[in-house]
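The values are calculated or read from the model by the stated rules, or taken from the named source; none is laboratory data. Model, not experiment: these values are computed from the prediction. Glycine gets a Cβ as well: all are built from the backbone with ideal geometry, and neighbour counts include every protein chain shown.
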Amino acid sequence: MTHGFSTRAIHSGQAFDPTTGAVVPPIYQSSTFVQDGIGGFRGGYEYARSANPTRDSLQTLLADLEGGSHAFSFASGLAAEDALLRSVLRPGSRIVMGNDVYGGTHRLVNRLHVPWGVVLETVEMTDLDAVRAAVRPGETAVLWVETPSNPLMKISDVTALAEIGHAAGALVVVDNTFASPYLQQPLALGADVVVHSTTKYIGGHSDVVGGAVVVRDDELADKVGFLQFGAGGVSAPMESWLTVRGIKTLGVRVDRHSSNAATIADALEGHAAIERVYYPGLASHPGHEIAARQMKAFGGMISVSLAAGPAAARRFAESTELFQLAESLGGVESLIGYPTEMTHASVRGTELEVPETVVRLSVGIEDVDDLLADVLQALDRVTA
Ligand SMILES: *Cc1c(COP(=O)(O)O)cnc(C)c1O
């Protein structure tokens with residue numbers, strides 16, 4: 001019988017240490033492994049770029065939680081994306097991605113892969129007809145979906161997009177960073193590959209940078225595994241161990257992130273200083289019904305646009321006290337950011353540019369009354 005998500009999050013790949021009985025498997029902080037005679041590997045370990053037991057324990061856990069056959073863990077989310085893309089794209093290959101994907105993902109493809117001969121097209125991913133027109137049968141190699149998207153919280157229908165992508169012979173990739181596997185299971189919805197910045201909800205404590213690729217196909221696993229080994233963007237033992245430790249509480253953390261964010265989104269909708277709240281849990285969100293179908297809850301990320309314009313948005317982002325002004329998201333502590341000059345500065349002047357009135361909140365797991373009071377006092381300062 002398969003166990004539930006949180007049981008697997010604690011136990012999958014985490015058997016106690018057989019030599020000492022240590023309940024928590026040790027951090028194998030070792031670059032190399034002794035051979036019993038030439039080629040006599042213990043447990044298959046040789047050199048830590050090809051495999052390390054601590055990284056393996058994380059990869060086993062991630063593959064299980066996403067319902068994949070294999071997972072590969074990397075030094076950052078972008079290193080994971082780069083390894084995946086370089087294993088499936090060639091000069092002349094076409095990739096279609098949403099017109100509001102994470103700025104760093106766009107920069108990776110636009111500045112590193114396009115000069116190498118890849119053709120990048122961006123499309124409004126919530127418009128299925130536009131996607132159908134953009135994806136060319138036999139030519140488009142990758143359809144890249146990010147849902148919810150960063151920072152405008154657009155919701156894309158993974159099942160419908162997987163059908164469109166597959167009809168054209170494209171590999172369908174979902175960046176599942178914002179939802180985490182606890183809220184959304186893209187492989188079960190029909191996608192071929194999941195990527196993560198494990199820096200965010202999966203690690204969950206703003207103390208580690210990492211990324212992952214999860215696949216369900218052996219042939220693709222061989223290709224991504226070769227890039228991981230051959231180019232070497234692996235996650236280190238300490239980072240792998242910290243990520244495993246974070247994952248054990250993913251379910252309880254994300255439940256609390258989601259309920260805190262729902263309370264704050266409700267309070268902000270209708271606030272005089274706020275022009276619009278971007279939160280898929282609100283009935284007014286254009287993707288609410290799809291999100292309700294494909295996500296277990298709506299997560300901890302909210303964006304808002306300020307009615308009084310860009311200066312008010314900047315002032316709001318600089319006026320909270322518990323919400324600290326910083327890039328990144330998904331940690332237990334609440335953060336606030338001004339995307340157009342912070343996380344998304346690299347896409348200014350492109351069609352991916354984030355409106356200057358938008359402020360992004362990563363709602364943490366503190367007491368919700370304290371968080372709400374903080375946001376409201378900051379809005380008072382904006383309107384004063
Ligand atoms: C942060 C982020 C990434 C990049 O991950 P890094 O760990 O910063 O390299 C990719 N996608 C999304 C949605 C992100 O938020």
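Structural remarks
- For THR105: the one exception among (1) more than 21 Å from ILE164 (Cβ to Cβ); (2) touching a residue at least 40 places away in the same chain (Cβ under 8 Å): (1)
- Residues that are of a type outside the set (Phe, Trp, Tyr) and more than 15 Å from the ligand (Cβ to nearest atom), drawn from the range 209-227: VAL215, ARG216, ASP217, ASP218, GLU219, LEU220, ALA221, ASP222, LYS223, VAL224, GLY225, LEU227
Conditions (1) within 22 Å of the chain's Cα centre (by Cα); (2) modelled with pLDDT under 95; (3) among the acidic types (Asp, Glu), marked per residue:
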residue	(1), (2), (3)
PHE316	no, no, no
THR320	no, no, no
LEU335	yes, no, no
THR340	yes, yes, no
ALA345	yes, yes, no
GLY349	no, yes, no
THR357	no, no, no
SER362	yes, no, no
VAL368	no, no, no
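- Some residue of the range 74-86 being more than 15 Å from the chain's Cα centre (by Cα) and surrounded by fewer than 21 Cβ atoms within 10 Å (Cβ to Cβ): yes
- Residue match in the range 20-35 (condition: away from the ligand (no atom under 16 Å from the Cβ) and closer than 30 Å to VAL118 by Cβ): no
- Residue satisfying all of: in the range 163-188; surrounded by fewer than 24 Cβ atoms within 10 Å (Cβ to Cβ), within 18 Å of the chain's Cα centre (by Cα) and farther than 20 Å from THR105 by Cβ; farthest from the ligand (Cβ to nearest atom) among these: ALA188
- If you filter the range 232-258 down to residues that are of a type in the set (A, V, I, L, M) and not in a helix (DSSP H, G or I), you find that the one that is nearest to LEU78 (Cα to Cα) is VAL234.
- Among the candidates GLY43, GLY68, residue that is touching a helix residue (DSSP H, G or I) at 6+ places or on another chain (Cβ under 9 Å), more than 16 Å from the ligand (Cβ to nearest atom) and within 30 Å of GLU146 (Cβ to Cβ): GLY68
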